[in-house]
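Below is one structure, written out as structure tokens; the observations come after it.
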Amino acid sequence: MPGMADPRFDGTVIYICTHSEEGAMGLVINRPCENINFPDLLNQLDINHTSSLTEGTALDNITLHEGGPVESGRGFILHSADYVQETTLIISETIALTATIDILTAIAAGEGPQDYLIALGFSGWSRGQLEKEILQNSWLSIEADEELVFRTDLELKFPRAMAKLGVDLSMLSSQFGTA
């Protein structure tokens, strides 16, 4: 929402991966990492990336995302459910989450999931925190879709999310009340 007090989340689109009584965890899907690229990450993790990806795709073109301020050194891969490992969390019929080096190795070899988004760090909320923030008009929510998550340009994800709601961003206010 406009007026978000925390600049780390200003203008972000977050895909909520888990939400339970214990809290919630999600990944920012529209903010690129500025300080590292995919080949550098593979080098840091000693992952061989000499084989090529799908024809016409370069490792340099894979964007790493700032998933959130929590554990920014930890990687999470949000991906299509066509790739599943033992440790994969199935989120929906079409989207899954994996946080192992094996999936990065598969992506580097061109053998990973069809769609994926690599994030460093995550966004987390304690018990009831996200619900409270939603009641305070800090967040808007929409049904996620693979097009928005995986195939929309980063700078277009926020306006597309707003358009899915039918919201004119210029008409939103950060003020809230209760009836």
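Sort out which residues of the stretch 17-29 are touching a residue at least 12 places away in the same chain (Cβ under 8 Å) and not charged (D, E, K, R), and write them in order of number. Write out each step before concluding.
Of all residues in the stretch 17-29, those touching a residue at least 12 places away in the same chain (Cβ under 8 Å) come to 17-19, 21-29.
Within the stretch 17-29, CYS17, THR18, HIS19, GLY23, ALA24, MET25, GLY26, LEU27, VAL28, ILE29 meet the criteria.
Looking at the stretch 143-158 only, could you name the residues that are more than 12 Å from the chain's Cα centre (by Cα), surrounded by 14 or more Cβ atoms within 10 Å (Cβ to Cβ) and within 15 Å of SER92 (Cα to Cα)?
The one that is more than 12 Å from the chain's Cα centre (by Cα), surrounded by 14 or more Cβ atoms within 10 Å (Cβ to Cβ) and within 15 Å of SER92 (Cα to Cα): ASP145.
When the stretch 162-179 is examined, which residues are found to be within 12 Å of TRP139 (Cα to Cα) and modelled with pLDDT of 70 or more?
MET162
Out of curiosity, is LEU120 in contact with a Gly (Cβ under 9 Å, 6 or more places away or on another chain) and at pLDDT below 95?
When the stated conditions are applied, LEU120 does not pass them.
Is there any pair linking a residue in the stretch 30-46 that is farther than 22 Å from GLY110 by Cα to one that is at pLDDT 90 or above and assigned to a helix (DSSP H, G or I), with Cβ under 6 Å and at least six apart or on different chains, and which?
ASN30/LEU154; ASN30/LYS157; ASN30/PHE158
Please enumerate the residues belonging to the stretch 67-108 that are of a type outside the set (A, V, I, L, M, F, W, C) and touching a His at 6+ places or on another chain (Cβ under 8 Å). Let's see the steps before the verdict.
Step one: filter the stretch 67-108 for residues of a type outside the set (A, V, I, L, M, F, W, C), giving 67-69, 71-75, 79-80, 82-83, 85-88, 92-94, 98, 100, 102, 105.
Across the stretch 67-108, the qualifying residue is only THR98.
Under 6 Å between Cβ atoms, which residue pairs at least 6 apart in sequence (or on different chains) link something in the stretch 98-110 that is farther than 19 Å from PHE122 by Cβ with a partner that is part of a loop (DSSP other than H, G, I, E, B)?
Hits for this filter: THR105/ILE47; ALA106/GLY112; ALA108/ILE47; ALA108/HIS49; ALA109/SER51; GLY110/LEU53; GLY110/THR54.
The values are calculated or read from the model by the stated rules, or taken from the named source; none is laboratory data. None of the values given here were measured: they were computed from a predicted structure. Note that each Cβ is placed from the backbone with ideal geometry, even for glycine, and that neighbours are counted across all protein chains shown.
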